[in-house]
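Step one of this worksheet: look at the structure below.
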Amino acid sequence: MTLSVEFNEAAGSALLALSLAKYKRCLHDIRVVLGLNKHITLEELDIRFGPPLGVIEYSRKLLDKFKQSFGATMPPSVSRQTNWADSAYVAGTFALVCKHLKKRVASKADILAIASIKPKV
């Protein structure tokens, strides 16, 4: 879901005297606070954290493999209803790939916050 008003990001960042990357992060945070951005994508994580080359590609591959293997263990009706684009799956694969490749991109708390996931104790 997007805001009903389209923003010219370049003009907005110039108006506020912010870099384009910082403007995009702020706009994303506003959308999350307003409840307009329900699911995060790997592209948004790429923009937000700027991980090294390969992290997003490997995250996408891992998420696809997870869908295949975990989805195969579920009853078909449950598998069809599962939203694989949910922030928990996307953020989890991103964090796992960063940890596996030993790339310190962001803290666990930052990834949970941007994905609007409340940590469970």
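The values are calculated or read from the model by the stated rules, or taken from the named source; none is laboratory data. Treat the numbers as computed from the prediction; the structure is a model and nothing was measured. Neighbour counts run over all protein chains shown; Cβ positions are idealised from the backbone, glycine included. In case anyone asks, the SASA skips ligands and DNA or RNA and just uses the protein heavy atoms, side chains included. Shrake-Rupley method; radii C 1.70, N 1.55, O 1.52, S 1.80 Å.
Structure above, values below:
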item	result
Condition met for TYR58 (over 30 Å from ALA11 (Cβ atoms) and modelled with pLDDT of 80 or more)	yes
Given (1) over 27 Å from LYS22 (Cβ atoms); (2) assigned to a helix (DSSP H, G or I), index of the condition ALA91 fails	(1)
From SER87, SER79, residue being within 12 Å of the chain's Cα centre (by Cα) and either touching a residue at least 12 places away in the same chain (Cβ under 8 Å) or surrounded by 12 or more Cβ atoms within 10 Å (Cβ to Cβ) (or both)	SER87
Number of the condition not met by LEU96 [criteria: (1) open to solvent by 40 Å² or more (accessible area, probe 1.4 Å); (2) modelled with pLDDT of 80 or more; (3) part of a loop (DSSP other than H, G, I, E, B)]	(3)
Qualifying positions in the range 61-88 - polar (S, T, N, Q) and part of a helix (DSSP H, G or I)	GLN68, SER69, THR73, SER77, SER79, GLN81, SER87
Of the criteria (1) in a helix (DSSP H, G or I); (2) modelled with pLDDT of 85 or more; (3) over 10 Å from the mean Cα position of the chain (by Cα), which one LEU45 fails	(3)
Selected residue (criterion: nearest to the chain's Cα centre (by Cα)) from residues of the range 99-111 that are part of a helix (DSSP H, G or I) and surrounded by fewer than 17 Cβ atoms within 10 Å (Cβ to Cβ)	ASP110
Count of the range 43-66 residues which are among the small types (Gly, Ala, Ser) and surrounded by fewer than 18 Cβ atoms within 10 Å (Cβ to Cβ)	2
